[in-house]
Amino acid sequence: MADLFFGIPDNSVIYLDTSAVNFLCDNLSLRDAAATKLYHARKGTRFYISSTVIWEILATKNDEQRELLIAFMQNLCYGKLINSPSEFILNYIKSKCPLVETPYDFHSKLPIANVWTDIVNDKNRTFSDYATDQMGNRSIVSIFREFIKDFNQSIIFEKTKSDAFDWLVESDENDDMHTIRCKKLAWLMIIILLVAEMDFDPTPVKEFWCKLKMDSFLERLFYLKSNLSILATRGPFALMSKLAINQIGKNGGINRGIILDMYHVINLTYCDVFFTNDEGFRKLKENFDHPLMDRIHIIKDYRMLKHDLF
């Protein structure tokens, strides 16, 4: 069997982002995938994907390639999904935004998670057997594009008189431009995920606001500014902004690809190993001095080994 994961500690939680899934599918057979899953399951190791990975795979236009990727994930990955971005973030808020989170059951409760369990247990089935049309709907990419295009100037460059984010960012006299930019990007993601409900299944966020009886954009934004401004400097959004700053450099702009990377990077806090084939994560690892960065592994840097299965 092929084993790309030689040297990974036993009982590891491994997250595979979409670029890692694509790399593995290009380099391993379905038999290799199934054998690798069995081999590592004996060591207590599980390979996880998220609803973000599923959405990106279902949005693949090539039908044959899409079904091959799904079959590969069915053979390699664990039968439960890791939480969606919204689920992780809302649990972080519920935990009162701690510096270090207490371990908890991070398996997604969304309907797509139940579908995933079903098709892992029955490999003759695929997503088209279920009502998952919206998961592959590429319109969310267009929404991302429209939503962010008017914000790039104020987020990326030095503030101007028309900077829409000035009133949101709580800066002190010791903040440099890098820190201010990180806070602005964190607020952009707070707006995208929590205010505008732009997740692939926004149900958890809708329920959050329903309990607070808040419908309007501004009402939600004022609530977050008044009660949860710490989200811009601590927890998932702060990590997401660090990734984005490293991706875009000094003069680049935010695009939908970077936002999707930020949806993936949330999982870094909750896994032991984060496999990716995206060079942007290598850049993050090199430029961001934080213990979590040790969990990032560029999958093409690993060599395949062969083991006897029995």
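Summary table below
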{"quantity": "Scope the range 118-127; condition surrounded by 15 or more Cβ atoms within 10 Å (Cβ to Cβ) and part of a helix (DSSP H, G or I); matching residues", "calculated": "Ile119, Val120, Phe127"}
{"quantity": "Selected residue (only one of Phe237, Phe208, Phe217 is within 30 Å of Leu58 (Cβ to Cβ) and crowded, with 23+ Cβ neighbours inside 10 Å)", "calculated": "Phe237"}
{"quantity": "Complete set of residues in the range 48-107 that are touching a strand residue (DSSP E or B) at 6+ places or on another chain (Cβ under 8 Å), part of a loop (DSSP other than H, G, I, E, B) and surrounded by fewer than 19 Cβ atoms within 10 Å (Cβ to Cβ)", "calculated": "Lys80"}
{"quantity": "Evaluation of Lys225 against (1) under 28 Å from Asp10 (Cβ atoms); (2) touching a residue at least 12 places away in the same chain (Cβ under 8 Å) (one fails), failing number", "calculated": "(1)"}
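All of the numbers you see were taken from the coordinates with simple rules; none came from a lab. Owing to the predicted nature of the structure, the values given are computational and were not obtained by experimental measurement. Note that we place each Cβ from the backbone using ideal geometry, even for glycine, and neighbour counts take in every protein chain shown.
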